[in-house]
Each structure stands twice: as C-alpha cells, then as structure tokens.
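The values are calculated or read from the model by the stated rules, or taken from the named source; none is laboratory data. From a predicted model like this one, the values you see are computed outputs, not experimental measurements. Neighbour counts are summed over all protein chains in view; Cβ atoms, including those assigned to glycine, are modelled from backbone coordinates with ideal geometry. Please note that ligands, DNA and RNA were not included when accessible areas were found on the heavy atoms of the full protein model with its side chains. Shrake-Rupley method; radii C 1.70, N 1.55, O 1.52, S 1.80 Å.
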Amino acid sequence: MNTMAKVEHTEHHGPAAGLTRWLYTTNHKDIGTLYLWFSFAMFLTGGCMALMIRAELFQPGLQLIQPEFFNQMTTMHGLIMVFGAVMPAFVGLANWMLPMMVGAPDMALPRMNNWSFWILPFAFAMMLSTLFMEGGAPNFGWTFYAPLSTTYAPPSVTYFIFAVHMMGISSIMGAINIIATILNMRAPGMTMMKLPLFVWTWLITAFLLIAVMPVLAGVVTMMLMDIHFGTSFFNAAGGGDPVLFQHIFWFFGHPEVYIMILPAFGIVSEIIPTFARKRLFGYSSMVYATSSIAFLSFIVWVHHMFTVGLPLMGELFFMYATMLIAVPTGVKVFNWVATMFRGSMTFETPMLFAIAFVVLFTIGGFSGLMLAIAPADFQYHDTYFVVAHFHYVLVPGAVFAIMAGVYYWLPKWTGHYYPETMGKVHFWCSFIGVNLTFFPMHFIGLAGMPRRIPDYALQFADFNMVASIGAFIFGFSQLIFLVLIIKTIRGGSPATSEVWDEPHGLEWTIPSPAPYHTFSTPPEVK
Amino acid sequence: MKPVKSAQQKNRSMVRTLILSCVLMFGFGFALVPLYDVFCRITGLNGKVLNTGPNAPTGSDKNRTIRVQMIAVNNESMPWEFRALSPMVTVYPGESKQAAYLAHNPTSEKMVAQAIPSVSPSEAAQYLHKVNCFCFDRQPLDSLETREMPLLFVIDPELPTYISTITLSYTLFDITSTKAAESDLLSKSAQPNSTGRNTL
Ligand code: HEM
Ligand SMILES: [Cu+2]
C-alpha cells in the first residue's frame, strides 16, 4: 500500500523546465524522444555524405571530390547510418513504447537509461571530429578490415576506436535496460506469450546486442593494441593474421545486421494487424521464427568471407547455414501476407510503409539468397550487387519500418494526427526514390562494377546516373518528414486515445498525448 | 514497500548477470585468437604449415611426383632482393628435399627480416612438413650482404592424389624497427636468432 502512496506522489511531477529537463531526465518518454531526434540528426548527416558519394558517381570520371575524401565519405556514411541512425532509432522507439506496451511505469533502470543516451552525442562528436583531423577521417570502409585500418590507417583511427567503444557501451547499457524491463516490469497477467511482437523482437535483439557488442569492443581493442602497443593480432609479419580480423568482425557483424532488422519485424507486426483489422496471423510462429533467426545468425558469418580462401567444406557449411535463414524469414513474410489476406485493409501512411517494407525487404532477402550461393558470390562479392542487397534490407527494410513506427505512434506521442496527405506524399517520394537508387545497383553489380570506388567504366554510366537522381529524390523527401513531424508536434486535429480503428495493445488504453507518467499503477491484463 | 524492493533486487541481479555475460563475451572475442590459430593448425587451413621437425614421415612413395613451386614476395616497402634459388622442384612424397632462397640487402643499413610462409592449395598445408626453414628465425643481413637461406621439407605420402602441384610462398617482412629485432641489430655476428615462433 505504501507503493500506492509513493506512486501517487510522483504522478504530480511534470517534466522539469528548460534544458536541464533533457540533460538529467530519467523519464523513458523523454529519453525516447532524445534518441529519436538524435537518430534523425544522424540520418540527415549520414544522408548528406551519401549524397556527396552519389553526386561524385553521377558521371564517370572524377569531378567533385578527391578519391581520398570519397573513401572517408563511404566509411563515415556506413558507420553513421548503422550506429548513429538505425540503432538509436530502434532504441528510441523501445524507450517510448516498451514500458507502455508491457504496462510498466518506466524502464527498469532509469538512471542508466540517461547515461546510455548521453554517451552517444559524445561518441559521434568524436567520430565526426576526425573529418577535420590531419590525415583525414577513417577511410577503410565501415567494415574496417585490417591491415587497412591498422598498418595503413590515418592517425585519426584512434579516435574512431574510442568512438566505437563508447557506442558499444551505450548499446550494451540500453540492451541491459531493455531486458530488465521486459523480464521484470511486466504488468500482472502480461505473460510472455501475450507480449506484443515489438516487445518480443526487442527482447531477442537485446540478447544479440549483449552477445556481440563486446566482441566488437574486443576487435577494436586488438586494433588499438596492434597500432600502439606493438602486438600483432592482425599483422602477418609478427605472426598474426588479417583473416582473423574478418572472422572476429563478422562474428559481430552478421548478428549486427539482425540487430538492425528484428525490431523492424516487430514494428511491422504491430502495424499490419491494425490496418488489416485482423489479429496477427501465427503469433507464436513469429516468436519462434525470430528466435531461430537470432540463433542462426551466429553460425553464418563466413558468408561475408567466401572469397578469402576457404576449404570446400567451409564454403558448403556456411552456404547452407545461410540459406537456412531464409526459412524462418519466409515464415514471417508469409505470416504478414496471411494477416493482410481478406482483411479490411486501409492504407494510411504507416500501413503504406509497412507494406512497402514487406515487399522491398523480400527483394533484399532474395538478393541475399543469391549472395549466399558460394560459387556465385565469387562473382558478386564486393560489387554493387552487395550494395544493392544490403540497402534493400536496410533502407526500405529497417528505415521504412522506423518511419512506419513513427507515423503509427506519432499521434500517441504528440496528441495530434499528422497531416495524412503530406505523409502519403512523403511515402511515395521515398518509395520512388529508394527504388530508383538501389534497383539499378543490382544490374551494375552483376555487370561487374566494384563497390567503394569514386570512378567507373563508361558502360556503367546510365544506371549510375539513375541511381544518383533517385538518391537525391529520396534524400530531399526526408525534409517532408521533418516538416511533418514539427507540424504534428505543434498542432493538428486532436487524437483519440485509440488513435486508429480498434488497435490492440496497452499503449492505446492511455490518453493521447501519453501523459508524462503512465501505468504508475499497473494495469490488469486479461 | 516489499514488492518494490523485490523488483529492484530482481533488476540488480539481472544487471549483474548481464554485465557478466558481456565480460565473458569480451573475453570470448580474445579467445577467438588462439582458437583460430589452433583450428587453422589442426586443419591446415589458411596455408598455415605444421612443422613436425625431425619426426617427419619416412618411406617415400615413388609412384607419383609432386611439383613444388616456390614463390618469393616482398611485403610492401621491403627493399631486399629476395628469390627462390630454383623456382620449382619436383619431389616424391616422403622424400626429403633441400631447397634455398636467396636474399640480398642492397641498402646501406643492417636490417632484419622475417619470412612468413603460406601454402596453396590450403588443403596441402598440413601435408607439407618443414624439417628446417629459414622462416623459423629472424634473418638479419648487414648492408650489401647476400645469404642463401636453406629450407628442408618433406611432403607427406598421405597427400591426396588429386593434388599434384603445391605452391609455397614466402613473404618477406621488414621487422628492423620492431622490439624483437633489437638484439639482432646489436649482435656483431650475423647469425640468425630463433624467434621461438616455430609454429609459423
Ligand atoms: C535471407 C536473408 C539474408 C541472406 C541470405 C543474406 C546474405 C548475405 C550475403 C551472402 C552477404 C555477403 C555478400 C558479399 O559480401 O559477397 C550479405 C551481405 C550483407 N548483408 Fe545480407 N543476407 C540476408 C539478410 C540481410 C539482412 C536482414 C540484413 C540487414 C538488415 C543484411 C545486411 C547485409 C549487409 C549490411 C551486408 C554487407 C556487408 C558489407 O560487406 O558491407 N542482410 N548478405
Ligand atoms: Cu551476413
């Protein structure tokens, strides 16, 4: 009963005023907002870099930027999008939604939550500052293969290493918080198999983070030691082996790509049932499929290394293991399609993004299957075909899912409906832009254009021009998104607490905008 | 008060477990280094060569011959002249074969080098036994000195029959500026010193 008194007391607190509100906040909604804005800023920063790359590639020949700077741009673009845009966006959504979805008053460890966010701006300030350093920013690609990133690296690599350490610590703290919240803070009656799928996918993602972020920290630590302390982990002259770098990196790297897609699966699994007005088809099979994807993601990393000189058995094992992932992934895709089948569907912006996700992510999955064929990968590896593959899974995959989630929950956060027409314009511009950018990359990749080069042979000119035009359409249409969000925060027609037509989930039982403190008394879940 | 406290305790013990898992996974990342070496050595993958020394296989198989191609590569800025005395030798499996590489230091400084072997196809690596190899040691050369560096090897008769050519490649690294090379630079005699890295 004492708890009740305490809870009621805190209920009267609103947010503190001014900047310190954001600096010291331990409120999951504030921290979610911070994460989302940070991620959006990084999305635009990384996007500017991508546009510089595409501007240079608009025509063959070198016209705008020097090759050295081009390499810095590809590297920074990749790192910023992965660690600065996509991952923090998912953590932001988790912060906002998980406590509301499981019926908890806040995250389990609110103060740690504040830390895990505020480390990020420092990490990225450090990373971006390398652009102004002597010798330039890291230029060895987001995969930072040794010895390019050790023996041949610019001096700024040390700052890069510390930035990665900080991001890693931030992600690990975020993951610990999420696991503790989901396992310990559920409202009475909220059993594991009643958890919304967004919660489930995040739980599994958090375990992946705990398992692989330390390995990433380990590999950059080894680099640091090779560079400054004379060890030879990756230096053949001293008895090390550069191929070892690739093994450790991809042991982290492959689960990492699933870290960027599992929460997206969760978001889409929330949205499609709402706008199809049906229950999600195959809830438990979704949970099992997600878990098996997470498990399999640990035994396929060598598919990034088919060309390093593996024995036949190795090629075969990793080829089949990789193809196996397509099975649980297929289960998910069929479940989404089955959910829509004979539903009374409407096509509001979140649903448009979610459907585009299903279609375009599947294209990315298929090109992944093509890459998984080891003998074929000798042709595709390090060409634009790989670039097409991972951009299809990451942009209309992860990024579209994030946008879908933002549209879906924005009325809950702000209390206003967003302008629907504007949302649809944003969707169609993005959709056209994405496909114009990345679809031609399949063709130029198959024709043999290598990735990460600032100049190319004449026969690739037309498709590159199309891709560059698409990139600018996609890039600038994100400004529509920015304006839309600001407009919705400022005003708009008031949202009901349900927001949509009979959506499922605890978050729709609280008023819009969600009050600063929710579920101070746990709800009863039937 | 009680329920709140127990939730906090639950959180605390969970945080402890999760942090411990992180520490373990960090350690696992480092454990991959020796694991990888052991794995490569056992399987002979990645061209890593097993050096059995004296207990190399005996008894030769005169029914087939194996071509051993010997390649010399200078790493990056290594200025030495480095080549195999004879680029290809033909051996019977089980036969001990003596071969040699020539190295010449054309600079005006004393330098120290380390040769790193690699075998292709990688399946053959575990069947190539080096009884003695200049790659076991660091190689100091005075300015303008030339040395013939010996290599004694045996090919295991167990070598799969579909392999008829083995390429043995040595990459020569300049390690003059490393800690390990200090003693070589100081010593007057140009005798090679063991690096203790016989597994290479
Ligand atoms: C059916 C599922 C998938 C399969 C079979 C698959 C297969 C592959 C293969 C074989 C490669 C290596 C290609 C090469 O370098 O030659 C690759 C690269 C890549 N994949 Fe996938 N993939 C799948 C799903 C995904 C998903 C869901 C994501 C992320 C959300 C993703 C992100 C990436 C990235 C980022 C790379 C490139 C890494 C780099 O070299 O920079 N993939 N994929
Ligand atoms: Cu992968």
Item to check | Filtered residue count, the range A:233-245, keeping only those that are within 16 Å of ligand 1 (Cβ to nearest atom) and in contact with a Gly (Cβ under 9 Å, 6 or more places away or on another chain) | outcome: 1
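One line per residue, one yes/no per condition, for (1) more than 14 Å from chain B (Cβ to nearest Cβ); (2) within 15 Å of ligand 2 (Cβ to nearest atom); (3) assigned to a helix (DSSP H, G or I); (4) open to solvent by 30 Å² or more (accessible area, probe 1.4 Å):
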site	(1), (2), (3), (4)
A:Asn335	yes, no, yes, no
A:Leu360	yes, no, yes, no
A:Phe385	yes, yes, yes, no
A:His389	yes, yes, yes, yes
A:Val399	yes, no, yes, no
A:Trp413	yes, no, yes, yes
Checklist entry - Can A:Thr307 be described as more than 25 Å from the chain's Cα centre (by Cα) and outside any helix (DSSP H, G or I)? => result no
Checklist entry - When the range B:18-40 is examined, which residues are found to be closer than 17 Å to A:Gly238 by Cα and in contact with a Phe, Trp or Tyr (Cβ under 8 Å, 6 or more places away or on another chain)? => result B:Val33
Checklist entry - Restricting the first residue to the range A:51-69 and requiring it to be without any contact (Cβ under 8 Å) to a residue 40 or more places away in the chain, which pairs with a second residue that is among the acidic types (Asp, Glu) meet a Cβ separation below 8 Å and a spacing of at least six or different chains? => result A:Gln63/A:Glu56; A:Leu64/A:Glu56
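Please tell me if A:Ile480 is exposed (fewer than 15 other Cβ atoms within 10 Å of the Cβ) and either among the polar types (S, T, N, Q) or part of a helix (DSSP H, G or I) (or both).
Working: exposed (fewer than 15 other Cβ atoms within 10 Å of the Cβ): no; either among the polar types (S, T, N, Q) or part of a helix (DSSP H, G or I) (or both): yes.
It is false that A:Ile480 is exposed (fewer than 15 other Cβ atoms within 10 Å of the Cβ) and either among the polar types (S, T, N, Q) or part of a helix (DSSP H, G or I) (or both).
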Item to check | From A:Pro214, A:Pro255, A:Pro263, residue being at pLDDT 95 or above, open to solvent by less than 10 Å² (accessible area, probe 1.4 Å) and either in contact with a Gly (Cβ under 7 Å, 6 or more places away or on another chain) or small (Gly, Ala, Ser) (or both) | outcome: A:Pro214
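On the given criteria, is B:Asn55 open to solvent by 40 Å² or more (accessible area, probe 1.4 Å) and at pLDDT below 85? Walk me through it before giving the result.
Numbers: open to solvent by 40 Å² or more (accessible area, probe 1.4 Å): yes; at pLDDT below 85: yes.
Judged against the criteria, B:Asn55 is a match.
Taking the range A:164-188 only, how many residues are in a helix (DSSP H, G or I), among the hydrophobic types (A, V, I, L, M, F, W, C) and open to solvent by less than 10 Å² (accessible area, probe 1.4 Å)? Give the steps one after another, and end with the answer.
So in the range A:164-188, the residues in a helix (DSSP H, G or I) come out as A:164-184.
Subset that is among the hydrophobic types (A, V, I, L, M, F, W, C): A:164, A:166-167, A:169, A:172-173, A:175-176, A:178-180, A:182-183.
When the remaining residues are screened for being open to solvent by less than 10 Å² (accessible area, probe 1.4 Å), the result is A:164, A:167, A:175-176, A:178-180, A:182.
So the answer is 8.
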Checklist entry - Are any residues in the range A:62-86 open to solvent by 20 Å² or more (accessible area, probe 1.4 Å) and under 9 Å from the mean Cα position of the chain (by Cα), and if so, which ones? => result A:Met81
Next on the checklist: Tell me yes or no: at least one residue of the range B:16-33 is at pLDDT below 90, open to solvent by 40 Å² or more (accessible area, probe 1.4 Å) and within 9 Å of another protein chain (Cβ to nearest Cβ).
Outcome noted: no
Next on the checklist: Could you list, ordered by first residue, the pairs with Cβ atoms under 7 Å in which the first is in the range A:293-312 and within 13 Å of ligand 2 (Cβ to nearest atom) and the second is open to solvent by 20 Å² or more (accessible area, probe 1.4 Å) and part of a loop (DSSP other than H, G, I, E, B), at least 6 apart or interchain?
Outcome noted: A:Val302/A:Leu310; A:Phe306/A:His381
Checklist entry - For the range B:154-182, how many residues are without any contact (Cβ under 8 Å) to a residue 60 or more places away in the chain and within 20 Å of B:Phe82 (Cα to Cα)? => result 1
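Taking the stated definitions as given, is A:Gly423 among the small types (Gly, Ala, Ser) and either within 16 Å of ligand 1 (Cβ to nearest atom) or at positive phi (or both)?
Values: among the small types (Gly, Ala, Ser): yes; either within 16 Å of ligand 1 (Cβ to nearest atom) or at positive phi (or both): no.
So A:Gly423 does not fit the description; no.
Would you point out which residue out of A:Ile178, A:Ile182 is under 18 Å from the mean Cα position of the chain (by Cα) and within 13 Å of chain B (Cβ to nearest Cβ)?
After applying the criteria, what remains is A:Ile178.
Pick out the one residue from A:Met422, A:Met403 that is touching a residue at least 40 places away in the same chain (Cβ under 8 Å), open to solvent by less than 10 Å² (accessible area, probe 1.4 Å) and among the hydrophobic types (A, V, I, L, M, F, W, C). Spell out how you get there, then give the answer.
Values: A:Met422 fails: open to solvent by less than 10 Å² (accessible area, probe 1.4 Å).
After ruling out the rest, the residue left standing is A:Met403.
Can you give me the number of residues within the range A:364-378 that are near ligand 1 (Cβ under 9 Å from one of its atoms) and open to solvent by 40 Å² or more (accessible area, probe 1.4 Å)?
Step one: of the range A:364-378, the residues near ligand 1 (Cβ under 9 Å from one of its atoms) are A:364-374, A:377-378.
With the extra rule that they be open to solvent by 40 Å² or more (accessible area, probe 1.4 Å), the set shrinks to A:366, A:369-370, A:373, A:378.
Total meeting the criteria: 5.
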Next on the checklist: Looking only at the range B:158-191, how many residues end up being open to solvent by 40 Å² or more (accessible area, probe 1.4 Å) and touching a Phe, Trp or Tyr at 6+ places or on another chain (Cβ under 9 Å)?
Outcome noted: 2
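What about A:Ile325, is it within 16 Å of ligand 2 (Cβ to nearest atom) and not in a helix (DSSP H, G or I)? Full working, then the answer.
Working: within 16 Å of ligand 2 (Cβ to nearest atom): yes; not in a helix (DSSP H, G or I): no.
Spelling it out, it is not the case that A:Ile325 is within 16 Å of ligand 2 (Cβ to nearest atom) and not in a helix (DSSP H, G or I).
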Next on the checklist: Can you say whether A:Gly240 is open to solvent by 20 Å² or more (accessible area, probe 1.4 Å) and of a type in the set (Gly, Ala, Ser), as far as the supplied structure shows?
Outcome noted: no
Checklist entry - Within the range A:274-296, can one find any residue that is within 30 Å of A:Gly330 (Cβ to Cβ), touching a His at 6+ places or on another chain (Cβ under 9 Å), more than 11 Å from chain B (Cβ to nearest Cβ) and assigned to a helix (DSSP H, G or I)? => result yes
Checklist entry - With respect to A:Phe249, is the statement that it is under 23 Å from B:Val23 (Cα atoms) and away from ligand 1 (no atom under 16 Å from the Cβ) true? => result no
Checklist entry - If we scan the range A:294-306, do we find a residue that is among the polar types (S, T, N, Q), more than 8 Å from ligand 1 (Cβ to nearest atom) and more than 22 Å from A:Phe249 (Cα to Cα)? => result no
Checklist entry - Has the range A:372-380 got at least one residue that is within 14 Å of ligand 2 (Cβ to nearest atom), of a type in the set (A, V, I, L, M, F, W, C) and assigned to a helix (DSSP H, G or I)? => result yes
